[in-house]
Amino acid sequence: MTYGLLAALSWGVATLGAAMAARRIGAFRTVVIGEAAGLTGFFTLFLLGHFSLRGVGPVAWVLLLAGIVGVGGYLALYRGLESGHIGLVSAISASYGGIIAVLSVLLLGERLTRAAAIGITLTVAGVILASGRASPGARESARATGIAFGLIAALCYGVGGFLLGRYPRDFGWLVPVIVARTGSMVLLLGLMATPLRRSTGRRLAPGVAWAVGAGLADAAGLVFFVRGDQVGLVAITAAVSSAYPVIPLIGGLVLLRERMARLQ
(Lines give C-alpha, C1' and ligand atoms only; values in the text may rest on other atoms or scores of the structure.)
Protein backbone atom coordinates (compact mmCIF):
# COMPACT_ATOMS: atom_id res chain seq x y z
CA MET A 1 0.00 0.00 0.00
CA THR A 2 2.85 2.40 0.84
CA TYR A 3 4.48 1.90 -2.54
CA GLY A 4 1.11 2.34 -4.20
CA LEU A 5 0.68 5.70 -2.48
CA LEU A 6 4.18 6.79 -3.49
CA ALA A 7 3.41 5.78 -7.07
CA ALA A 8 0.18 7.79 -6.93
CA LEU A 9 2.08 10.86 -5.69
CA SER A 10 4.74 10.55 -8.39
CA TRP A 11 2.26 9.92 -11.18
CA GLY A 12 0.08 12.79 -10.03
CA VAL A 13 3.02 15.18 -10.30
CA ALA A 14 3.98 13.63 -13.65
CA THR A 15 0.47 14.04 -15.06
CA LEU A 16 0.32 17.69 -14.06
CA GLY A 17 3.73 18.33 -15.59
CA ALA A 18 2.75 16.49 -18.76
CA ALA A 19 -0.40 18.60 -19.07
CA MET A 20 1.64 21.79 -18.85
CA ALA A 21 4.12 20.46 -21.41
CA ALA A 22 1.56 19.06 -23.85
CA ARG A 23 -0.22 22.40 -24.09
CA ARG A 24 3.07 24.01 -25.11
CA ILE A 25 4.87 21.50 -27.33
CA GLY A 26 2.19 18.91 -28.11
CA ALA A 27 1.39 15.46 -26.75
CA PHE A 28 3.73 13.41 -28.92
CA ARG A 29 6.82 15.50 -28.22
CA THR A 30 5.97 15.48 -24.54
CA VAL A 31 5.90 11.69 -24.54
CA VAL A 32 9.18 11.41 -26.45
CA ILE A 33 11.06 13.83 -24.18
CA GLY A 34 9.57 12.34 -21.01
CA GLU A 35 10.35 8.77 -22.05
CA ALA A 36 13.91 9.71 -22.97
CA ALA A 37 14.44 11.40 -19.59
CA GLY A 38 12.98 8.47 -17.70
CA LEU A 39 14.94 5.86 -19.65
CA THR A 40 18.16 7.79 -19.02
CA GLY A 41 17.45 7.66 -15.30
CA PHE A 42 16.68 3.94 -15.42
CA PHE A 43 19.90 3.11 -17.26
CA THR A 44 21.87 5.20 -14.77
CA LEU A 45 20.39 3.18 -11.91
CA PHE A 46 21.06 -0.04 -13.80
CA LEU A 47 24.75 0.76 -14.27
CA LEU A 48 25.23 1.99 -10.71
CA GLY A 49 23.33 -0.83 -9.06
CA HIS A 50 25.06 -3.80 -10.69
CA PHE A 51 21.81 -5.32 -11.96
CA SER A 52 21.83 -8.21 -14.44
CA LEU A 53 19.67 -9.12 -17.43
CA ARG A 54 20.49 -12.80 -17.00
CA GLY A 55 17.48 -15.05 -17.50
CA VAL A 56 15.17 -12.35 -18.84
CA GLY A 57 15.45 -13.54 -22.46
CA PRO A 58 12.46 -15.95 -22.52
CA VAL A 59 10.04 -13.28 -21.25
CA ALA A 60 11.63 -10.26 -22.92
CA TRP A 61 8.90 -10.19 -25.56
CA VAL A 62 6.23 -9.87 -22.86
CA LEU A 63 8.06 -6.96 -21.25
CA LEU A 64 8.64 -5.30 -24.62
CA LEU A 65 4.93 -5.69 -25.35
CA ALA A 66 4.14 -4.10 -21.98
CA GLY A 67 6.29 -1.13 -22.92
CA ILE A 68 4.67 -0.76 -26.33
CA VAL A 69 1.15 -0.95 -24.90
CA GLY A 70 2.15 1.44 -22.13
CA VAL A 71 3.42 4.07 -24.54
CA GLY A 72 0.05 3.91 -26.25
CA GLY A 73 -1.44 4.86 -22.89
CA TYR A 74 0.93 7.81 -22.56
CA LEU A 75 0.12 9.06 -26.04
CA ALA A 76 -3.61 8.83 -25.33
CA LEU A 77 -3.37 10.43 -21.89
CA TYR A 78 -1.18 13.32 -23.01
CA ARG A 79 -3.38 13.94 -26.06
CA GLY A 80 -6.36 14.09 -23.74
CA LEU A 81 -4.54 16.43 -21.38
CA GLU A 82 -3.65 18.63 -24.33
CA SER A 83 -7.24 19.06 -25.44
CA GLY A 84 -9.42 18.37 -22.42
CA HIS A 85 -9.95 19.01 -18.73
CA ILE A 86 -7.02 17.72 -16.61
CA GLY A 87 -9.18 16.46 -13.77
CA LEU A 88 -11.59 14.68 -16.10
CA VAL A 89 -8.97 12.96 -18.27
CA SER A 90 -6.72 11.87 -15.40
CA ALA A 91 -9.68 10.58 -13.38
CA ILE A 92 -10.89 8.37 -16.22
CA SER A 93 -7.39 7.08 -17.00
CA ALA A 94 -6.99 6.10 -13.34
CA SER A 95 -9.55 3.33 -13.76
CA TYR A 96 -6.61 1.23 -14.98
CA GLY A 97 -6.31 0.11 -11.35
CA GLY A 98 -9.55 -1.79 -11.61
CA ILE A 99 -8.46 -3.43 -14.86
CA ILE A 100 -5.18 -4.63 -13.34
CA ALA A 101 -6.95 -5.85 -10.21
CA VAL A 102 -9.43 -7.93 -12.22
CA LEU A 103 -6.70 -9.39 -14.44
CA SER A 104 -4.54 -10.20 -11.40
CA VAL A 105 -7.36 -12.09 -9.72
CA LEU A 106 -8.45 -13.94 -12.86
CA LEU A 107 -5.05 -14.75 -14.39
CA LEU A 108 -2.57 -14.70 -11.50
CA GLY A 109 -4.82 -16.28 -8.91
CA GLU A 110 -4.37 -13.48 -6.39
CA ARG A 111 -6.87 -13.53 -3.55
CA LEU A 112 -8.26 -10.34 -2.08
CA THR A 113 -9.76 -9.90 1.34
CA ARG A 114 -13.29 -8.55 1.48
CA ALA A 115 -11.97 -5.19 2.71
CA ALA A 116 -9.49 -4.98 -0.19
CA ALA A 117 -12.19 -5.86 -2.72
CA ILE A 118 -14.50 -3.19 -1.31
CA GLY A 119 -11.69 -0.65 -1.36
CA ILE A 120 -10.86 -1.38 -5.00
CA THR A 121 -14.52 -1.16 -5.95
CA LEU A 122 -14.92 2.19 -4.21
CA THR A 123 -11.78 3.55 -5.86
CA VAL A 124 -13.01 2.67 -9.34
CA ALA A 125 -16.52 3.90 -8.52
CA GLY A 126 -15.05 7.23 -7.44
CA VAL A 127 -13.27 7.53 -10.76
CA ILE A 128 -16.51 6.89 -12.63
CA LEU A 129 -18.38 9.48 -10.58
CA ALA A 130 -15.65 12.06 -11.11
CA SER A 131 -15.99 11.70 -14.88
CA GLY A 132 -19.78 11.52 -14.94
CA ARG A 133 -20.42 15.13 -15.87
CA ALA A 134 -18.52 18.06 -17.23
CA SER A 135 -17.19 20.71 -14.93
CA PRO A 136 -18.88 24.14 -15.13
CA GLY A 137 -17.99 25.96 -18.33
CA ALA A 138 -16.31 22.98 -19.97
CA ARG A 139 -16.93 22.63 -23.70
CA GLU A 140 -18.81 19.47 -24.66
CA SER A 141 -16.41 18.69 -27.51
CA ALA A 142 -13.38 18.95 -25.22
CA ARG A 143 -15.15 16.77 -22.68
CA ALA A 144 -15.93 14.09 -25.26
CA THR A 145 -12.34 14.14 -26.50
CA GLY A 146 -11.01 13.90 -22.97
CA ILE A 147 -13.28 10.95 -22.11
CA ALA A 148 -12.29 9.04 -25.26
CA PHE A 149 -8.55 9.46 -24.74
CA GLY A 150 -8.89 8.81 -21.01
CA LEU A 151 -10.59 5.47 -21.67
CA ILE A 152 -7.91 4.45 -24.19
CA ALA A 153 -5.20 5.38 -21.67
CA ALA A 154 -6.92 3.36 -18.92
CA LEU A 155 -7.11 0.26 -21.12
CA CYS A 156 -3.46 0.53 -22.20
CA TYR A 157 -2.25 1.21 -18.67
CA GLY A 158 -4.31 -1.70 -17.36
CA VAL A 159 -2.95 -4.25 -19.82
CA GLY A 160 0.61 -2.89 -19.79
CA GLY A 161 0.71 -2.62 -16.00
CA PHE A 162 -0.55 -6.16 -15.60
CA LEU A 163 2.09 -7.54 -17.97
CA LEU A 164 4.82 -5.58 -16.23
CA GLY A 165 3.65 -6.51 -12.73
CA ARG A 166 4.09 -10.25 -13.31
CA TYR A 167 7.89 -10.33 -13.24
CA PRO A 168 9.42 -8.11 -10.51
CA ARG A 169 9.57 -11.07 -8.11
CA ASP A 170 11.59 -13.06 -10.65
CA PHE A 171 14.01 -10.41 -11.92
CA GLY A 172 13.92 -7.60 -9.36
CA TRP A 173 12.23 -4.23 -9.56
CA LEU A 174 14.41 -2.54 -12.20
CA VAL A 175 15.11 -5.11 -14.92
CA PRO A 176 11.47 -5.47 -16.12
CA VAL A 177 11.18 -1.68 -16.29
CA ILE A 178 14.40 -1.34 -18.30
CA VAL A 179 13.28 -3.89 -20.89
CA ALA A 180 9.75 -2.48 -21.14
CA ARG A 181 10.90 1.12 -21.47
CA THR A 182 13.41 0.13 -24.12
CA GLY A 183 10.54 -1.28 -26.16
CA SER A 184 8.50 1.88 -25.72
CA MET A 185 11.42 4.10 -26.73
CA VAL A 186 12.09 2.06 -29.87
CA LEU A 187 8.44 2.47 -30.85
CA LEU A 188 8.56 6.22 -30.23
CA LEU A 189 11.71 6.63 -32.30
CA GLY A 190 9.96 4.82 -35.11
CA LEU A 191 6.97 7.12 -34.87
CA MET A 192 8.93 10.35 -34.67
CA ALA A 193 7.92 12.67 -37.48
CA THR A 194 7.38 16.11 -35.97
CA PRO A 195 10.66 17.91 -35.24
CA LEU A 196 10.93 20.07 -32.15
CA ARG A 197 11.88 23.12 -34.20
CA ARG A 198 8.25 23.54 -35.28
CA SER A 199 7.44 24.86 -31.82
CA THR A 200 8.00 28.53 -31.19
CA GLY A 201 11.10 29.45 -29.22
CA ARG A 202 9.03 31.17 -26.57
CA ARG A 203 7.04 28.04 -25.77
CA LEU A 204 9.72 25.42 -26.47
CA ALA A 205 12.00 25.89 -23.46
CA PRO A 206 9.34 25.77 -20.71
CA GLY A 207 7.55 22.96 -22.51
CA VAL A 208 10.70 20.83 -22.64
CA ALA A 209 11.41 21.57 -18.97
CA TRP A 210 7.91 20.45 -17.98
CA ALA A 211 8.26 17.32 -20.14
CA VAL A 212 11.60 16.35 -18.59
CA GLY A 213 10.20 16.84 -15.10
CA ALA A 214 7.12 14.81 -15.98
CA GLY A 215 9.28 12.02 -17.39
CA LEU A 216 11.43 11.79 -14.27
CA ALA A 217 8.41 11.87 -11.95
CA ASP A 218 6.70 9.20 -14.04
CA ALA A 219 9.84 7.05 -13.87
CA ALA A 220 9.85 7.36 -10.08
CA GLY A 221 6.20 6.33 -9.99
CA LEU A 222 6.91 3.27 -12.11
CA VAL A 223 9.74 2.25 -9.79
CA PHE A 224 7.42 2.49 -6.77
CA PHE A 225 4.69 0.59 -8.62
CA VAL A 226 6.97 -2.28 -9.64
CA ARG A 227 8.53 -2.42 -6.18
CA GLY A 228 5.04 -2.68 -4.69
CA ASP A 229 4.26 -5.54 -7.06
CA GLN A 230 7.45 -7.25 -5.92
CA VAL A 231 6.68 -7.18 -2.20
CA GLY A 232 2.87 -7.25 -2.23
CA LEU A 233 -0.20 -7.94 -4.36
CA VAL A 234 -0.37 -6.48 -7.86
CA ALA A 235 -4.09 -5.79 -7.46
CA ILE A 236 -3.70 -3.72 -4.28
CA THR A 237 -0.70 -1.73 -5.53
CA ALA A 238 -2.58 -0.90 -8.73
CA ALA A 239 -5.76 0.12 -6.93
CA VAL A 240 -3.97 2.41 -4.46
CA SER A 241 -1.82 4.00 -7.16
CA SER A 242 -4.94 4.91 -9.15
CA ALA A 243 -5.60 7.72 -6.66
CA TYR A 244 -3.09 9.88 -8.55
CA PRO A 245 -5.69 12.17 -10.26
CA VAL A 246 -6.11 14.15 -7.02
CA ILE A 247 -2.86 16.03 -7.70
CA PRO A 248 -3.49 17.06 -11.34
CA LEU A 249 -7.05 17.97 -10.40
CA ILE A 250 -5.81 20.37 -7.73
CA GLY A 251 -3.09 21.60 -10.08
CA GLY A 252 -5.69 22.33 -12.74
CA LEU A 253 -7.64 24.42 -10.24
CA VAL A 254 -4.60 26.43 -9.15
CA LEU A 255 -2.50 26.73 -12.31
CA LEU A 256 -5.08 26.63 -15.10
CA ARG A 257 -8.09 28.07 -13.27
CA GLU A 258 -10.18 25.01 -14.01
CA ARG A 259 -13.38 24.46 -12.07
CA MET A 260 -14.77 21.31 -10.51
CA ALA A 261 -18.35 20.16 -10.66
CA ARG A 262 -19.95 19.42 -7.29
CA LEU A 263 -19.93 15.70 -8.02
CA GLN A 264 -16.17 15.76 -8.66
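The values are calculated or read from the model by the stated rules, or taken from the named source; none is laboratory data. All values derive from a computational prediction rather than experimental measurement. Positions of Cβ are backbone-derived with ideal geometry, glycine not excepted, and every protein chain shown enters the neighbour counts. Only protein heavy atoms, including side chains, enter the accessible area calculation; ligands, DNA and RNA are left aside. Shrake-Rupley method; radii C 1.70, N 1.55, O 1.52, S 1.80 Å.
Being modelled with pLDDT under 80, open to solvent by 70 Å² or more (accessible area, probe 1.4 Å) and either of a type in the set (Ser, Thr, Tyr) or not in a loop (DSSP other than H, G, I, E, B) (or both) is the filter here; which residues of the range 108-120 pass it? Passing the criteria: THR113, ALA115. The number of residues in the range 150-170 that are open to solvent by 30 Å² or more (accessible area, probe 1.4 Å) and touching a Phe, Trp or Tyr at 6+ places or on another chain (Cβ under 8 Å) comes to 2.
A single entry from TYR96, TYR78 fulfils the requirement of being touching a Phe, Trp or Tyr at 6+ places or on another chain (Cβ under 9 Å), closer than 16 Å to ALA14 by Cα and of a type in the set (Phe, Trp, Tyr): TYR78. Just to be sure, is ARG257 on the phi > 0 side of the Ramachandran plot, surrounded by fewer than 19 Cβ atoms within 10 Å (Cβ to Cβ) and not in a helix (DSSP H, G or I)? Taking the combined requirement at face value, the residue satisfies it.
Scan the range 17-40 residue by residue and report those that are closer than 27 Å to ALA239 by Cβ and either open to solvent by 30 Å² or more (accessible area, probe 1.4 Å) or among the acidic types (Asp, Glu) (or both). Hit for the range 17-40 is GLU35, nothing else. VAL13 satisfies every condition listed in (1) under 24 Å from TYR167 (Cβ atoms); (2) at pLDDT 90 or above; (3) surrounded by fewer than 24 Cβ atoms within 10 Å (Cβ to Cβ) except (1).
Conditions tested, residue by residue: (1) among the polar types (S, T, N, Q); (2) out of contact with any Gly (no Cβ under 7 Å at 6 or more places or on another chain); (3) farther than 18 Å from GLY183 by Cβ.
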| residue | (1), (2), (3) |
| --- | --- |
| TRP11 | no, no, yes |
| THR15 | yes, yes, yes |
| ARG29 | no, yes, yes |
| VAL32 | no, yes, no |
| GLY41 | no, yes, no |
| THR44 | yes, yes, yes |
| GLY49 | no, yes, yes |
| VAL56 | no, yes, no |
| VAL62 | no, yes, no |
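Residues TYR244, TYR157: which one is assigned to a loop (DSSP other than H, G, I, E, B) and modelled with pLDDT of 80 or more? Working first, answer last.
Details: TYR157 fails: assigned to a loop (DSSP other than H, G, I, E, B).
Answer to the check: TYR244.
Among LEU88, LEU5, which is the only one that is closer than 22 Å to LEU129 by Cα and open to solvent by less than 20 Å² (accessible area, probe 1.4 Å)? Walk me through how you get there before you give the answer.
Details: LEU5 fails: open to solvent by less than 20 Å² (accessible area, probe 1.4 Å).
Matching residue, one of LEU88, LEU5: LEU88.
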